[in-house]
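Some notes on the structure that comes next.
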Amino acid sequence: MSDSGSGEETDGKKTEGKERPWKEWWQRRRWAAAELGPWEQREAVLARISEIQAALDVAASRAAADSPQAHATAAYKAVAERELQQARDALAHSAHAAMRGAAHVGVAQSHLDTAQNLIVSLAPQDDVKAMLPQMVALVDEHFTAKDPRRLRIKEISERVGKGGDLTPSDRGFLSETTGLARRMLRKETLRVRSFARVLAAVSATMLLIAVLVAFCAFRWPGMVPLCFAPEDGGTFSVVCPTDSVTRIGHPPNTREIGKAARAQDYLVVEIVGAVSAAVASAAALRRIRGTALPYNVPLLLAALKLPTGALTALLGLLLMRGGFVPGLSALDSSAQIIAWAIIFGYSQQLFTKFVDSQGQALLDAVRGPGSAPPPGEGAKP
């Protein structure tokens, strides 16, 4: 009995050993699938954390010898190190079972920004003076020209540049104002993320609708046929996207038109419309700049056009069949129907161009070198 139990236990351990590599592989794949943000973004933040940690250690050691700051150095350093550790934890994939998009990168950046603000509070005067040009540039990117906070930080920079010293009030103002500028940048980035999620949801919904329409038409081809009944010398025909029936001596009724319809009619028109929309999407991308943000808005804008083009091709042909366009209610060949499907598929650009404009406006709102100036400020020469 003992040998048998031992054998079963050994077999169990062998089985568990065989299963463990598969479990580990699945864990790695699960975290990899959750990492939707660019890998470079995550590695850049990790590198920045190491850089800020080194700067913090040096600034704290130098501040310890600076009597005005010595009493607060330990407290500031402890909080800054905690923020840096929280930034590292946010980038640890195994800590985020439901991680979506690049939210973990944004969370880590928020903790990193807090640590940078604390360094401004504890660093010696010479170090803060060296940081001033970067702080002025950051504030210029996010505040209008007449904003009093922007004006004051420039006044501090000019005074320090002439040999003046930083007062405790100046130091607190610099820390708070640059922190606010970084939070404004984060809010601009979050607006882009929200827009990207809306785009993804709308694109998925449009795709689902297109698939359902194609399925229903395949299951019941005569329900709403995409067929036309042109007349030529008293002889009527039923022309559909993939088939036609000619030489009918009387105007075809709904039943006869439904019998001429084929299950693949809707699918063919949707494919043609989507291809046409893809061409329009490629042409429209020339007006949309890329982005360094971890949310691929240009790609999502392009993806939205494909199901939209498939549906506009269908709706356009249905409008023509209903006589909405005078003189174009009796297409007389399948080639004409396909040609109009191409036109209607491309015409989705009339609607999606407004979404393109909104997406580009949101990307431009994320300030940085070379970005558009803040609201209320003209373009810089």
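Tabulated values for the structure
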{"read-out": "Against the rule of thumb 2.2 N^0.38 Å, how large the Cα Rg of the range 74-229 comes out", "value": "1.70"}
{"read-out": "Accessible surface of the range 199-289 [probe 1.4 Å, protein heavy atoms]: carbon and sulfur percent", "value": "64 percent"}
{"read-out": "Distant-in-sequence amide H partners of residue 238 (H built 1.01 Å from N, under 5 Å)", "value": "245, 246"}
{"read-out": "Fraction of alpha-carbon pairs over 20 Å apart in the range 142-218 - percent", "value": "58 percent"}
{"read-out": "Per-peptide average of other Cβ atoms within 10 Å, ordering 132-138, 295-301, 264-270 highest first", "value": "264-270, 295-301, 132-138"}
{"read-out": "Of 129/154; 187/305; 129/162, pairs whose Cα-Cα distance is over 18 Å", "value": "187/305"}
{"read-out": "Radius ratio Rg over Rh of the range 188-267, counting only Cα atoms, Kirkwood formula for Rh", "value": "1.32"}
{"read-out": "Cα-based Rg / Dmax (Å) for the range 156-295", "value": "30.7, 100"}
{"read-out": "Residue-wise HN-Hα coupling along the range 267-284, computed from phi with Karplus coefficients 6.51, -1.76, 1.60 (Hz; x: Gly, Pro)", "value": "4, 4, 5, 5, 5, 4, x, 5, 5, 4, 5, 5, 5, 4, 5, 4, 5, 6"}
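The values are calculated or read from the model by the stated rules, or taken from the named source; none is laboratory data. If you're wondering where the values come from, they're calculated on a predicted model, not measured in any experiment. Every residue, glycine among them, receives a Cβ derived from its backbone with ideal geometry; neighbour counts consider all protein chains shown. In case anyone asks, the SASA skips ligands and DNA or RNA and just uses the protein heavy atoms, side chains included. Shrake-Rupley method; radii C 1.70, N 1.55, O 1.52, S 1.80 Å.
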